[in-house]
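Scroll down for the structure; my scribbles are underneath it.
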Amino acid sequence: MERKKVTRNLVLGVLFFLPVMFLIFLYPAKHNYQPLDIIKSHLYDIDTFKNFEGQQVTLNNHLTVIGFLGNNPMKHLTEASNLKELVYDKFKGFKKFQIVVLFPENQKEQAKQLYEEISTYEDLRFFEFAFGDPSEIQTVFNSLNHQVALDTNYFTPQVFIVDKELNQRGRLDDRTDREIEKASEIYPLYSYNTLEVAEMKNKMSEDMRILFTEYRQKRKGDFDSTTRRANDLNIEHEQ
């Protein structure tokens, strides 16, 4: 009987201390990251653009993924679907998050078809299709740092991350650990290719989580801009 009691107390003790030890080891990792790099500041806002309901759309005070699907929206169902499934579905629970895709004003009807195609009766209230003059689309794009141009239909598969203060975010140094060890030439990551599933699921997901963590810590008053990027951030959704 005494032996059973000792065994039971030992098991209970292990069950109690294991979560505590896990949190102790996890705590430094949660603070071991650097904020997502600012690629460019003072971006052009999109407050001249309107959604399907004619309401103004803006980047200011939002954490935005912005894309350019241009003319012939239904030709870009894959890009829109990847945005919805790999980004929107993962981050729609975070405060102030939105995806905004820009189209010329005369593409509303086809854009509506695309919207219905990706919605599948789901709540897409934070996924905005916004419409404006083609010259304004070009102005918004030109305000971003980019490595590829819009085509003649105002389309690119690349999407960009914009923070609440209208700063473009990304990576000034996108080298792998092995490339850093070999002292390879530095190259940046300004945008994310919606046709590259691995890039969306890995690099973009990591970068979005880092950005949400930064703003979460700013609200709590314990944000430290000198901390370093974590290899893996697992933070809870903020409702």
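The values are calculated or read from the model by the stated rules, or taken from the named source; none is laboratory data. Small disclaimer: the values here were computed from a predicted structure and weren't measured. Note: ideal-geometry Cβ built from the backbone for every residue, glycine included; neighbour counts use all protein chains shown. The area values use the complete protein model at the heavy-atom level, side chains included, leaving out ligands, DNA and RNA. Shrake-Rupley method; radii C 1.70, N 1.55, O 1.52, S 1.80 Å.
When GLU53 is tested against (1) open to solvent by 30 Å² or more (accessible area, probe 1.4 Å); (2) more than 12 Å from GLU128 (Cα to Cα); (3) not in a helix (DSSP H, G or I), just one condition goes unmet, and that condition is (2). The condition of being more than 28 Å from PRO188 (Cα to Cα) and open to solvent by less than 20 Å² (accessible area, probe 1.4 Å) holds for only one of LEU124, LEU36, that being LEU124.
For the stretch 63-86, the set of residues classified as assigned to a helix (DSSP H, G or I) and under 20 Å from LEU144 (Cα atoms) consists of GLU79, LEU83, listed by residue number. When the stretch 175-192 is filtered for residues that are under 21 Å from GLU79 (Cβ atoms) and over 16 Å from the mean Cα position of the chain (by Cα), nothing remains.
Flag: PHE160 does not match the condition of being in contact (Cβ under 8 Å) with a residue 12 or more places away in the chain, part of a loop (DSSP other than H, G, I, E, B) and within 19 Å of ASN202 (Cβ to Cβ). Residues in the stretch 181-194 that are surrounded by 18 or more Cβ atoms within 10 Å (Cβ to Cβ) and either out of contact with any Leu (no Cβ under 6 Å at 6 or more places or on another chain) or assigned to a helix (DSSP H, G or I) (or both): LEU189, TYR190, SER191, TYR192, ASN193. For the stretch 94-121, filtering for residues that are in contact (Cβ under 8 Å) with a residue 24 or more places away in the chain, open to solvent by 20 Å² or more (accessible area, probe 1.4 Å) and either hydrophobic (A, V, I, L, M, F, W, C) or not in a helix (DSSP H, G or I) (or both) leaves 2. Apart from one condition, ASN60 fits all of (1) open to solvent by less than 70 Å² (accessible area, probe 1.4 Å); (2) within 27 Å of LYS201 (Cα to Cα); (3) among the polar types (S, T, N, Q); (4) at pLDDT 95 or above; the exception is (1).
Rundown of residues vs (1) open to solvent by less than 70 Å² (accessible area, probe 1.4 Å); (2) closer than 28 Å to GLY70 by Cα; (3) aliphatic (A, V, I, L, M), yes/no style:
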{"site": "ASP133", "(1), (2), (3)": "no, yes, no"}
{"site": "THR139", "(1), (2), (3)": "yes, yes, no"}
{"site": "LEU144", "(1), (2), (3)": "yes, yes, yes"}
{"site": "PRO157", "(1), (2), (3)": "yes, yes, no"}
{"site": "LYS164", "(1), (2), (3)": "yes, yes, no"}
{"site": "ARG171", "(1), (2), (3)": "yes, yes, no"}
{"site": "GLU179", "(1), (2), (3)": "yes, no, no"}
{"site": "GLU206", "(1), (2), (3)": "yes, yes, no"}
{"site": "LYS218", "(1), (2), (3)": "no, no, no"}
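Does any residue in the stretch 63-89 that is touching a residue at least 40 places away in the same chain (Cβ under 8 Å) and closer than 16 Å to ARG125 by Cα come within less than 7 Å, Cβ to Cβ, of a residue that is part of a loop (DSSP other than H, G, I, E, B) and open to solvent by 30 Å² or more (accessible area, probe 1.4 Å) six or more places away or on a different chain, and which pairs are these? Short answer, once both residue conditions are applied: LEU63/LYS96; LEU63/LYS164.
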